[in-house]
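Below is one structure; the comments refer to it alone.
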Amino acid sequence: MTKNALYLYAIGRGDGGLTLSGETLRGVDTIFYDGLAAFFSPVSDGEHMLSREAMMSHQKIVGTLWSQAAVIPISFGTVLRDRSAVIKILQMNSKQIKATLNRLAGCMEVGLKVFWKKDVFAARFGKQDPGVAELIKKARESGNEQPYPLMTRVGEMVENKVRQARSTFEREVHHVLAAVAEDAVLNDILTIHMVCNAAYLIRKEEEQAFDNEVSRLLEPRTDEFDVRYTGPWPPYNFARLQLEPPPERR
Amino acid sequence: MGILGNVLLGPFKGLWFVIREIHNQVQKELYDEEAIQKQFVALQLEYELGNIPEDEFLRQEAVLFERLNQARTACAAANAGGGE
């Protein structure tokens, strides 16, 4: 079976000083077009099954490319029909891709996920909250008479308080960090205990200063929060291009 | 179909609508790539937080990969059948 399809990893500058040497990049090839370079591996049509191994390999290759120069990471599992499909994407989106590469040059991404400690959450928003305790008491006293609407009100009350607390955290922490970063995004809240799910684009030479700012803001709050501060990562959250035409997947 | 037909079949049409909606939602949950990717993120987080053990994480992750592959296959078949 001929390998006409292309599994895409990243797009960078054609003159970006990237070299495809080393074990990790074995089998990775390049298509050049108008000063841009698309990094790919040839695959047979329909051959590429998505798996844990494939995902780890994708991350490793993108990470290796990104460690050499600014690249736009392509989503895991993107397969294009043939070389002409890749060239068409580079051709139609050249301006947007170059602008994004300029913006990402010399930068790295860090992630910040913050969670309330479970006991803190229960104390702050659960039965120990006077308003919540009062409603729960009412629900119990009412026996089978309309406990459901009361419990719904309990849920709404907790939800509102959690939302307000998240807004306060955003104001006191996220906005402060965003102001010293090149760019910042707030991603979806994934669990009820999650306070903040953010990513920041920072200049590589500012990494230490940014780490210090994270510590300054969050170390005094470690009794209340569990903090997961990770990176450096390729800038997945800051290279989301709306490419035309959309990649055709197989 | 006349008014009588509508009256007689009304409840069943409503029921059919509900069944169809549930089916659509289940299909979306199972084979919508974006939905699957969100489940990957949520699963990864549960594992990172220590809420599920590694073997359970790997088992659930394998199921999601399987569904992602099925979604891709279904999408490719639909594209091939529906033309460009």
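The values are calculated or read from the model by the stated rules, or taken from the named source; none is laboratory data. Being a predicted model, the structure only gives us computed values, none of them experimental. Note that we place each Cβ from the backbone using ideal geometry, even for glycine, and neighbour counts take in every protein chain shown.
Some observations on this one:
- Scanning the stretch A:101-120 for residues that are buried (at least 20 other Cβ atoms within 10 Å of the Cβ) and farther than 16 Å from A:Tyr200 by Cβ yields A:Leu101, A:Phe115, A:Trp116.
- Filter pass, A:Ala69 being among the aliphatic types (A, V, I, L, M) and either within 14 Å of another protein chain (Cβ to nearest Cβ) or surrounded by fewer than 22 Cβ atoms within 10 Å (Cβ to Cβ) (or both): yes
- Subset of the stretch A:180-199 (residues that are away from every other protein chain (no Cβ under 11 Å) and in contact (Cβ under 8 Å) with a residue 24 or more places away in the chain): A:Val180, A:Ala181, A:Glu182, A:Asp183, A:Val185, A:Ile192, A:Val195, A:Cys196, A:Ala198, A:Ala199
- The number of residues in the stretch A:30-51 that are within 14 Å of chain B (Cβ to nearest Cβ) and of a type in the set (Asp, Glu) comes to 2.
- A:Ala54 being within 14 Å of chain B (Cβ to nearest Cβ) and at pLDDT 90 or above: yes
- Qualifying residue in the stretch A:148-155 (condition: touching a residue at least 12 places away in the same chain (Cβ under 8 Å), in contact with a Lys or Arg (Cβ under 6 Å, 6 or more places away or on another chain) and in a helix (DSSP H, G or I)): yes
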